[in-house]
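One structure is given below, encoded as structure tokens.
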Amino acid sequence: MTAVTPASFAVSVDEITVARARAGDESALEALYRAFETPVYTLARRLTHTRHDAEDVLQDTFLELVRSIGRFRGDGSLAGWIRKVAASKALMKLRRRQGRGFEEGLPEDLSDDARDAVSHGPAPSAAERVDLETALGRLSDAARAVIWLHDVEGYSHEEIATMAGKTASFSKSQLARAHARLREVLAPGVREEPC
């Protein structure tokens, strides 16, 4: 099985570099870019699923950093702030990419088989069923983003709702659907017993 790991934002940046960046020092801003480039890109790639979109999110995140670093008060970690900006930019990218908004998916009146055929193509092979990366790739953009942000990155439903411009109920329903879909793909035919 392919290992799925969160983007590591465990980057240490000294207070002097942050202070210089807040003052607009270009070399300090570049140092922040170099320090956070990989984790921002990794998170963006996980959420948007394409290299091109992840590169756009990376650029948008650091443009926001340059515009807003002066307002960073240091109440939390800089890494946490950048991570939240990157996640928000990725969710905005998904909304724009879908054109009609960050929708919950295909119409409910489609059967599960029809919905799968339209949104995910043919059924996975036996090898794909045990590959978590492939399974995540079979989720809708919204479901994949929510499951990643909640289960891997550790955001609450309220935080996801704020970033997505939706309600906590949206996040909860997407997570439930994503978990159900992953169970179908990873363990077809296995039914869970009620507790």
(request) Quickly work out the Arg67-to-Ser169 label distance, labels modelled 7 Å from Cα along the C-beta direction, and quote it in nm with one decimal. (result) 3.2 nm
(request) Would you please give the FRET efficiency between Ser12 and Glu55, computed as 1/(1 + (r/R0)^6) with r the Cβ-Cβ distance and R0 = 25 Å, to the nearest 0.05? (result) 0.50
(message) With θ taken as phi - 60° and the coefficients 6.51, -1.76 and 1.60, list the Karplus ³J(HN,Hα) couplings across region 11-23 in order, rounded to whole Hz; mark glycine and proline as x.
(response) 10, 9, 10, 6, 5, 5, 4, 4, 4, 5, 5, 4, 7
(message) In whole Hz and in residue order, list the ³J(HN,Hα) couplings for region 169-185 that follow from phi through the Karplus curve 6.51 cos²θ - 1.76 cosθ + 1.60, θ = phi - 60°; x for Gly and Pro.
(response) 4, 4, 4, 5, 5, 4, 5, 4, 5, 5, 4, 4, 5, 4, 4, 4, 6
(request) Go through region 78-86 residue by residue and turn each phi into a ³J(HN,Hα) via Karplus (6.51, -1.76, 1.60, θ = phi - 60°); whole Hz please, and just put x for glycine and proline. (result) 4, 4, x, 5, 5, 4, 5, 4, 4
(request) Please give the length that would be gained between Ser77 and Thr38 if that part of the chain were fully extended, namely 0.36 nm times their separation in residues minus their C-alpha to C-alpha distance (nm, one decimal). (result) 12.3 nm
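Every number here is computed from the coordinates shown, using simple stated rules; none is lab data. Since this is a predicted model, take the numbers as computed values, not measurements. Heads up, the Cβs are rebuilt from the backbone with ideal geometry, glycines too, and the neighbour counts pull from every protein chain shown.
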